[in-house]
Amino acid sequence: MSGTCSESSQTVTIKRGSTNVGTAICTGGFFTSTNVDTTVWAEGAHSLTATITNTAGTTGTSGAVSVTKDVTRPTAPSSVADGTVLSSLTTSPTITWTASTDTGGSGVSYYQVAIGTTAGGTNIKPFATLTSGNSLSGMTLTSGTTYYATVQAVDVAGNISTAGKYRDWE
């Protein structure tokens, strides 16, 4: 947790409710606390405040800030498909999938999509980040080669889903 403060050497105490969960010292107008232990917190939203004490002992408390602890992976993207009938694949397919959900509370942030010539492979198109939508197009592939798509969802907290089903086509 980090923030701004007005005087160097101010002590910052971070609280979750009435429980102290971390401390920091103000340096150059900023503080950063790296000792906040969230391992004992339940998953979900938590309200934090910072109490700042200056060298004279005067205190002030910030407004509450909501943070979300999310350690749950999003669901795997499903129904990964090339959007074409296998026997009539164009060399520029559109890969589509059913959107993932995130029950951890932070929400799906983006998808990673790769194309390879083996299941889970990335030799044709390394993982690309897609920040919106649930399809990938604009690739040029060779007709008669078998390809596999791998799709993963990543939530705001950085949790990565298991890979979506591979679909082979040629």
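The values are calculated or read from the model by the stated rules, or taken from the named source; none is laboratory data. No experiment lies behind these values; they were computed from the predicted model shown. Because the Cβ atoms are built from the backbone with ideal geometry, glycine has one as well, and the counts that use them run over all protein chains shown. Side chains included, ligands, DNA and RNA excluded: accessible areas come from the protein's heavy atoms. Shrake-Rupley method; radii C 1.70, N 1.55, O 1.52, S 1.80 Å.
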> In this structure, is residue 16 in contact (Cβ under 8 Å) with a residue 24 or more places away in the chain and touching a Leu at 6+ places or on another chain (Cβ under 6 Å)?
Replying inline: yes
> When both residues are 6+ apart or on different chains and their Cβ atoms are under 9 Å apart, which pairs have a first residue that lies in the stretch 114-140 and is closer than 14 Å to residue 94 by Cα, and a second that is among the charged types (D, E, K, R) and part of a strand (DSSP E or B)?
Replying inline: 114/125; 115/125; 136/125; 139/125
>> Under 8 Å between Cβ atoms, which residue pairs at least 6 apart in sequence (or on different chains) link something in the stretch 55-69 that is more than 14 Å from residue 8 (Cα to Cα) with a partner that is of a type in the set (Asp, Glu)?
In response: 69/43
> If you go through the stretch 24-33, how many residues are out of contact with any strand residue (DSSP E or B) (no Cβ under 8 Å at 6 or more places or on another chain) and either modelled with pLDDT under 90 or exposed (fewer than 11 other Cβ atoms within 10 Å of the Cβ) (or both)?
Replying inline: 1
> (1) in a strand (DSSP E or B); (2) at pLDDT 85 or above; (3) among the β-branched types (Val, Ile, Thr): which one isn't true of residue 101, the others all being true?
Replying inline: (1)
> What's the number of the condition residue 34 fails, among (1) part of a strand (DSSP E or B); (2) more than 30 Å from residue 113 (Cβ to Cβ); (3) of a type outside the set (A, V, I, L, M, F, W, C)?
Replying inline: (1)
> Among the residues of the stretch 129-152 satisfying the criterion of being farther than 9 Å from residue 110 by Cα and open to solvent by 70 Å² or more (accessible area, probe 1.4 Å), which is farthest from the chain's Cα centre (by Cα)?
Replying inline: 143
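Here are 109, 47, 66, 79: which of them is on the phi > 0 side of the Ramachandran plot, outside any loop (DSSP other than H, G, I, E, B) and not β-branched (Val, Ile, Thr)?
79
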> Can you tell which of 85, 21, 71, 12 is open to solvent by 80 Å² or more (accessible area, probe 1.4 Å) and modelled with pLDDT of 90 or more?
Replying inline: 71
> Among the residues of the stretch 37-60, which ones are within 20 Å of residue 72 (Cβ to Cβ) and either of a type in the set (Asp, Glu) or open to solvent by 40 Å² or more (accessible area, probe 1.4 Å) (or both)?
Replying inline: 37, 38, 39, 40, 42, 43, 45
>> Being part of a loop (DSSP other than H, G, I, E, B) and closer than 30 Å to residue 42 by Cβ is the filter here; which residues of the stretch 129-157 pass it?
In response: 131, 156, 157
>> Of the conditions (1) open to solvent by 40 Å² or more (accessible area, probe 1.4 Å); (2) more than 25 Å from the chain's Cα centre (by Cα); (3) more than 30 Å from residue 145 (Cβ to Cβ), residue 92 satisfies every one except a single condition; which number is it?
In response: (3)
> Here is a list of conditions, (1) within 30 Å of residue 104 (Cβ to Cβ); (2) β-branched (Val, Ile, Thr); (3) part of a strand (DSSP E or B), and residue 52 meets all of them except one; can you say which number that is?
Replying inline: (1)
> So which residues in the stretch 112-128 are closer than 19 Å to residue 76 by Cβ, open to solvent by 30 Å² or more (accessible area, probe 1.4 Å), of a type outside the set (S, T, N, Q) and assigned to a loop (DSSP other than H, G, I, E, B), if there are any at all?
Replying inline: 119, 120
